Structure formats: C-alpha cells, structure tokens
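Let me begin by presenting the structure, written as structure tokens, before commenting on it.
The values are calculated or read from the model by the stated rules, or taken from the named source; none is laboratory data. Source: prediction; values computed, not measured. Cβ placement follows ideal geometry from the backbone for every residue including glycine, while neighbour counts extend to all protein chains displayed. For accessibility, only protein heavy atoms count, side chains too; no ligands or nucleic acids. Shrake-Rupley method; radii C 1.70, N 1.55, O 1.52, S 1.80 Å.
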Amino acid sequence: IMNVRIFKCFIGSPGDTIKERQYCKDVFCEINKTIGEKFNFRIESLMWEDDSRPAFGEDGQEVINRQLLLKDYNFFIGIMWARFGTPTLRAESGTIEEFEDAYQKFIDKKDIEICIYFNKQDIPQEKMIPEQISKVFEFKDKVSKLGGLYHEYIGAEQFKEKIRTHLTKYFLQIFDSSDNESKGNGNADQSRNDLIE
C-alpha cells in the first residue's frame, strides 16, 4: 500500500469570511475524493476553530500560534473582505500575524505556497468600518510590494470556484510533472508554478 502524501493548508482570515473558510474545507474534500484518490494525496486544513484547544498565553492569537503555526504546512490561504482584524501584542491583526509567519517560511525557502484572496463584494452599511477597510487596502498594497500576486472575487460562491480551480490546477501540475519526470520527460521545477488562472 502506498503512503498517502499529506498537504497541510493553513487558512488565515478575519471573522467576516466564515463562508469562505467553510468552502475551503468543502473544496478540500472534493479534491481528496477525486484527483486526491487518483494521485494518492490528501489536503488537510489547519484552522483555529477546528484545530486549536483552549489554553492560556500572552493573548488568544499567541495560543493559536503555539499550537498551529509551529506545525509544518504547505499552503497558506489568506482571505479578506471588509475586516482587517483585531490587533495582537505582536502584529496589526491575528490574520496579519499568521500571514507574516507564512511569508517568513517562504523567505526561508521552505516549500510553501501563499495564496491571498480579496472579496470585492459590496459591503453592507452595518459592516462599514472605514479604518478596517482602509487597512485591508493597505494590506493589498503590501502584498503587491512583497512580490505577491493576489486574486479578487465577488462573493463566497465565486471564491469557492476560484479556490477549486486554482488548487486543482496546482495539484495536476505537481503530479503530471512527477509522472513525466519518472518517464524522463519532465522538469521538477514545474511543481512550483504559481496558482493563476
């Protein structure tokens, strides 16, 4: 029996992206049951609401960091809409702290993909907090300056389609290139292609 290859995916986002977080898990399940079974791999999510346990630290985010960010993961999916998040003792928000951990791993040449998504759906009046929205735009600009390519979507349903397409393409590239390489025709560098449509 072949060992199943596990890809861990950390999902970082403020509290106004609950649907998107659930859709990540739904898409992971779909991929696991289709090309995951074909190529013998699984995607597993790392999410604070599912994988952290009650404990004490400097603050709640530090507890999450200690329990989750110290683990190895292959993907970081960051999602933002109208909220930037709540400041921590170490960063402008918990989501930013999680992103900075992933980016440092990337800089340290660890094998990690960072995928950032921004929701362009109209923001309801009751969710309009100008300071939060301004910080989201600042973060978008920061991602670009760091050399990142982000994607935008309109509403959670469109996010689900995008994440399904991007991850499916990514894994097909990895495993197609692995097959070709085993036949003497491939290039291992193809496995690092960006997740773009």
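Some points to look at:
- Within segment 30-64, tally of residues that are over 15 Å from Thr88 (Cβ atoms), of a type in the set (A, V, I, L, M, F, W, C) and either open to solvent by less than 40 Å² (accessible area, probe 1.4 Å) or under 21 Å from the mean Cα position of the chain (by Cα) (or both): 7
- Qualifying residues in segment 1-40 (those that are touching a Lys or Arg at 6+ places or on another chain (Cβ under 7 Å) and of a type in the set (Gly, Ala, Ser)) - the one farthest from Asn74 (Cα to Cα): Gly15
- When segment 75-114 is filtered for residues that are part of a loop (DSSP other than H, G, I, E, B) and open to solvent by 40 Å² or more (accessible area, probe 1.4 Å), the ones remaining, listed by number, are Arg83, Thr86, Pro87, Leu89, Arg90, Glu92, Asp108, Lys109, Lys110, Asp111.
- Unique residue being hydrophobic (A, V, I, L, M, F, W, C) and farther than 22 Å from Lys19 by Cα when the list is Ile79, Ile129, Ile107: Ile107
- Subset of segment 120-140 (residues that are open to solvent by 100 Å² or more (accessible area, probe 1.4 Å) and among the charged types (D, E, K, R)): Lys120, Asp122, Glu126, Glu131, Glu138
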